[in-house]
Amino acid sequence: MSINDFEVSFQKLRWVCDPASLGIESTAELALAAEPIGQERAVAAVDFGATITSEGYNIFVLGPVGSGRTTLTRQMLEAIAAEQPTPSDWCYAHNFHNPRSPVALQLDPGDGRRLADDVDELIEDITQAIEHVFDSDEYQDQRDELLREFREERAREMQGFEKKAEEAGFTIGRSPGGLVVAPAPEGKVITPEQYKQMSEEERDELDKKREQLQDELVDLVQVVHRREKEARKALRQLDRQTIQFATSHLIDDLIQEYKKCEAVVEHFQQMKDDLVENVARFRDGEEHTPSFPVPEAFIGAAYTPYDRYRINALVTNEGLEGAPVVFEMNPTIDNLTGEIEYQTRMGALTTDFTMIKPGALHRANGGYLILEAEAVLRRPFAWEALKRCLKNQQVKIESIQDQVRIISTVSLEPQSIPLDIKVVLIGTPLVYYLLYQYDDEFGKLFKVKADFNTIMERNDETIQAYAQFIAAKCQEEDLPPFSAEATAKIVEHGVRTASDQEKLTTRFVEVLDLVRESAYWADRNGNEDLVQAKDVQNALEQFIWQSNRIEERLLELIEQGTLLIETEGKVTGQINGLHIAVLGDYIMGMPTRITVRSALGTAGIVNIEREVKLSGPFHDKGVLILSGYLRQKYASDQPLSCAASISFEQSYSQVEGDSASCAELIALLSSIGGVPVRQDIAVTGSVDQHGSIQAIGGATQKIEGFFAACKVKGFTGEQGVVIPAANVRNLMLREEVVEAVEAGQFHIWAAETVDEALEILTGMPAGEMDEEGNYPEGSVHRAVCDRLQQMAETLREYGRGAAKEAKEEN
């Protein structure tokens, strides 16, 4: 076969989109894209997971960044959620039986905020009613009447006793120990001297009367204390009746308003009881503030006795149509499960149920919560808290302090809220498979996998969908429409990004970036009304120019001869391989010089990169395959008596992948057989042990890399690249390269086997083994086989000589 038989025609090097096939003059004529493009499998999975009601069917959306996974998932969930019922509101209220455990109240959508506002208004009404009723003349009269009766009764009894004591010659006085009876025969208390001057009989009689009167006084005081206690009790009962009269009808109105919610009605009943039981707080109208001067920032907000009756509207769905869709960008444990805030009062941290804040699980309850998987996994304790909520089907407020607390402190323990939610995690395939492998609970909680593809089939329907996508984004972002030629350029870029002439990329983030940049350059160039093909081409060229500084520097080094890359002539044991380098969002291909040196020996193939730990496992595997090929091809009847070293020259970084194994094998055979290899041809492709050339990645960039090297070194008209035949469909070369191939300046050859590549690179037939096991004269394999036989014979003779010398010495 001739070398021309392997050459790929320029028509196959690039798929070209015919603008006329679009049937438009510009995208302004198109209807907007209504359905997701190219993600039928993922769309069906999201729809299934979002609508099935069984437990555990949460969704993991997996796909690479830029595949539209987040945008499309969110749009789908919002459309599904709009058709679902709006979930309940949730509020927290004071627990009158256990203040540390606030009560969770469930209400109809929109009633949560209304209840909080109604209670705030109720508190204002109660405050005014209490102030008014306790300041009223009626209350004061009743209070005064109770006090007057008590005081009059006390005065009568005291006056009667004082009269009795006076008639007996005594009077009532006060001492540190209370009231005492003292002798006063003539209305004047006797002195100690007078008492001593009395006879013993007079003193005994005086003491006896005094003790009798003192006992009666003690009894009287006890009676007065009991009546005073009864008076206080009567006053408290009056206050209870008064506050009940002033407030009950106000609360009853709200009870009637919210009679459908039993928990709210019960809370109002407890509020009524609490108002009555704590009447003293409200009659005094006290606020918990210190009486001495303290800075307000140190004190904190004043606390009134009415604050315990307020309602914390935790989640309100007023105005929401359908179920909520929440995308939490920072999924910390607090942001997921809620948070209890604190404020400083007199130097101490305090809190109450009004400082409970909702988390994303609260806000998305009854709907959908979207989270980035990696973000959840990076936040301490967030992943475990999320799983607990899903397993228990309830939201319990947790914080990172609860997980690492050393000293026990008193805080709130709000009642848990029932959880009815679909959680959607978005992440890469690697994160999904790692979680599935190492987290036993993951598969039980996330049973739906929505796998986003990065490519789709290229056909008339998908091309039309591309054009509609461009039209939709132009309308959304107020960009000028694209001409048919410009749209065709975008489609061609989609094929290049997919690395397959029969596919289109679904990385619409990148496509949209190109649309925006093309519109920008159209505006800069004065094309304000219509984006033309030259504007798209300008955007592509600007992106390359902004990204290829390192590539240009390497080409400059090749042109200067600093990097030794030959693009003319023939050399034995040397070949131009190709590799790619990924520089962020830019992929460049570059040639690399591979050399092989072989000699007599038994060491086999030595991979220099491996010896210095600069090669990865896939590259090492590719080199080991070469040994299998040599044994299969040349060692059926004789041992391999060859030692060879393979090196990537002027390579100072990690070498990985097996795409250079074909080039390494050809250079190895060249070195062993002494067959020179063309240096104006570069080779890429991996090989198996049978000598078949296998497809590799980055074929387009590799060809363009060697094309650029030949351009700076000077075209000869003979240069080109050998690629695997299976990679022809992956080519989407730049127009410059295609034009050079069409003009005969550059060539692309496709080979299926090593033998075909050998013929292209050496100009000699590879040779096929005849029935006797010999290769024809003048073939590459015959040259290699002869050299290996010579090496084996030489080694055999050397071995005989060494054995003879050893025998003579013995």
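The values are calculated or read from the model by the stated rules, or taken from the named source; none is laboratory data. Just so you know, these numbers come straight off a predicted model, no measurement behind them. So basically every Cβ, Gly included, is an ideal-geometry build from the backbone, and we count neighbours across all protein chains shown. Surface areas here come from the heavy atoms of the whole protein model, side chains and all, with no ligands, DNA or RNA. Shrake-Rupley method; radii C 1.70, N 1.55, O 1.52, S 1.80 Å.
Worth a mention:
- Of the residues making up region 632-670, just one is surrounded by 24 or more Cβ atoms within 10 Å (Cβ to Cβ) and of a type in the set (D, E, K, R), namely GLU664.
- Within region 44-65, the set of residues being surrounded by fewer than 19 Cβ atoms within 10 Å (Cβ to Cβ) and within 16 Å of the chain's Cα centre (by Cα) comprises PRO64, VAL65.
- Unmet criterion (only one of (1) touching a helix residue (DSSP H, G or I) at 6+ places or on another chain (Cβ under 6 Å); (2) open to solvent by less than 50 Å² (accessible area, probe 1.4 Å); (3) at pLDDT below 80) for ARG283: (2)
- Scanning region 705-755 for residues that are small (Gly, Ala, Ser) and either in contact with a Pro (Cβ under 6 Å, 6 or more places away or on another chain) or within 28 Å of LEU557 (Cβ to Cβ) (or both) yields GLY705, ALA708, ALA709, GLY714, GLY717, GLY720, ALA740, ALA743.
- Boolean, LYS449 is of a type in the set (D, E, K, R), in contact with a strand residue (DSSP E or B) (Cβ under 9 Å, 6 or more places away or on another chain) and at pLDDT below 95: no
- Residue that is nearest to ILE463 (Cα to Cα), among those in region 476-524 that are out of contact with any strand residue (DSSP E or B) (no Cβ under 6 Å at 6 or more places or on another chain) and basic (Lys, Arg): LYS489
- The single condition among (1) under 30 Å from ARG281 (Cβ atoms); (2) surrounded by 15 or more Cβ atoms within 10 Å (Cβ to Cβ) that LYS229 does not meet is (2).
Yes/no per residue for (1) over 28 Å from LYS260 (Cα atoms); (2) open to solvent by 50 Å² or more (accessible area, probe 1.4 Å); (3) aliphatic (A, V, I, L, M):
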| residue | (1), (2), (3) |
| --- | --- |
| ARG113 | no, yes, no |
| GLU121 | no, yes, no |
| THR127 | no, no, no |
| VAL133 | yes, no, yes |
| ARG143 | yes, yes, no |
| ARG148 | yes, yes, no |
| ARG154 | yes, yes, no |
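- Condition met for ALA488 (in contact with a helix residue (DSSP H, G or I) (Cβ under 6 Å, 6 or more places away or on another chain), of a type in the set (Gly, Ala, Ser), open to solvent by less than 40 Å² (accessible area, probe 1.4 Å) and modelled with pLDDT of 95 or more): yes
- Meets criteria (closer than 17 Å to GLU457 by Cβ, surrounded by fewer than 22 Cβ atoms within 10 Å (Cβ to Cβ) and either in contact with a helix residue (DSSP H, G or I) (Cβ under 7 Å, 6 or more places away or on another chain) or not charged (D, E, K, R) (or both)) for PRO36: yes
- Candidate set from region 581-608 (those that are at pLDDT 90 or above and open to solvent by 70 Å² or more (accessible area, probe 1.4 Å)); member that is nearest to ARG734 (Cα to Cα): ILE587
- Of all the numbered requirements in (1) of a type outside the set (Ser, Thr, Tyr); (2) touching a Cys at 6+ places or on another chain (Cβ under 9 Å); (3) modelled with pLDDT of 95 or more, LYS396 misses one, and that requirement is (3).
- When ASP440 is tested against the conditions (1) under 25 Å from ALA519 (Cα atoms); (2) without any contact (Cβ under 8 Å) to a residue 24 or more places away in the chain; (3) of a type in the set (D, E, K, R), the lone failure is (1).
- Looking at region 344-454, the helices (runs of 4 or more DSSP H) lying wholly inside it that each contain 3 or more residues that are open to solvent by 50 Å² or more (accessible area, probe 1.4 Å) sit at 373-378, 382-392, 400-404, 429-438.
- Hits in region 557-580 - residues which are open to solvent by less than 30 Å² (accessible area, probe 1.4 Å), of a type in the set (Val, Ile, Thr) and in a strand (DSSP E or B): ILE575
- TYR798 being of a type in the set (Phe, Trp, Tyr) and assigned to a helix (DSSP H, G or I): yes
- The condition (being surrounded by 12 or more Cβ atoms within 10 Å (Cβ to Cβ), touching a residue at least 60 places away in the same chain (Cβ under 8 Å) and within 26 Å of ASP118 (Cβ to Cβ)) is satisfied by just one residue among PHE268, PHE245: PHE245.
- Residue count for region 434-478 under the criterion of being β-branched (Val, Ile, Thr) and under 19 Å from the mean Cα position of the chain (by Cα): the result is 1.
- Residues that are farther than 16 Å from SER686 by Cα, open to solvent by 30 Å² or more (accessible area, probe 1.4 Å) and touching a residue at least 40 places away in the same chain (Cβ under 8 Å), drawn from region 609-625: LEU614
- Count of region 309-343 residues, restricted to those that are open to solvent by 40 Å² or more (accessible area, probe 1.4 Å), at pLDDT 90 or above and charged (D, E, K, R), is 3.
- Residue within region 70-91 that is out of contact with any Cys (no Cβ under 6 Å at 6 or more places or on another chain), in a loop (DSSP other than H, G, I, E, B) and within 26 Å of ILE251 (Cβ to Cβ) present: yes
- Filter result for the condition that a residue is open to solvent by 20 Å² or more (accessible area, probe 1.4 Å) and within 18 Å of GLY697 (Cβ to Cβ), over GLU510, GLU517, GLU477: GLU510
- Region 455-472 - residue that is open to solvent by less than 40 Å² (accessible area, probe 1.4 Å) and not aliphatic (A, V, I, L, M) and, of those, nearest to GLN537 (Cα to Cα): TYR466
- Residue list for region 741-761, restricted to those being in a strand (DSSP E or B) and more than 23 Å from LEU630 (Cβ to Cβ): HIS747, ILE748, TRP749, ALA750
- Subset of region 19-29 (residues that are in a loop (DSSP other than H, G, I, E, B) and either surrounded by 15 or more Cβ atoms within 10 Å (Cβ to Cβ) or modelled with pLDDT of 95 or more (or both)): ILE24
One line per residue, one yes/no per condition, for (1) part of a loop (DSSP other than H, G, I, E, B); (2) at negative phi; (3) in contact with a Ser or Thr (Cβ under 8 Å, 6 or more places away or on another chain):
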| site | (1), (2), (3) |
| --- | --- |
| ILE605 | no, yes, yes |
| VAL623 | no, yes, yes |
| GLY628 | no, yes, no |
| GLN632 | no, yes, no |
| ASP637 | yes, yes, no |
| SER647 | no, yes, yes |
| SER653 | yes, yes, no |
| CYS662 | no, yes, yes |
| LEU668 | no, yes, yes |
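- In region 529-542, the residues that are among the polar types (S, T, N, Q) reach residues that are open to solvent by less than 10 Å² (accessible area, probe 1.4 Å) with C-beta atoms within less than 6 angstrom, at least six apart or across chains, in these pairs: GLN532/SER483; GLN532/ALA486.
- Pick from region 543-556, criterion in contact (Cβ under 8 Å) with a residue 40 or more places away in the chain and farther than 14 Å from ARG734 by Cβ, ranking: surrounded by the most Cβ atoms within 10 Å (Cβ to Cβ): LEU555
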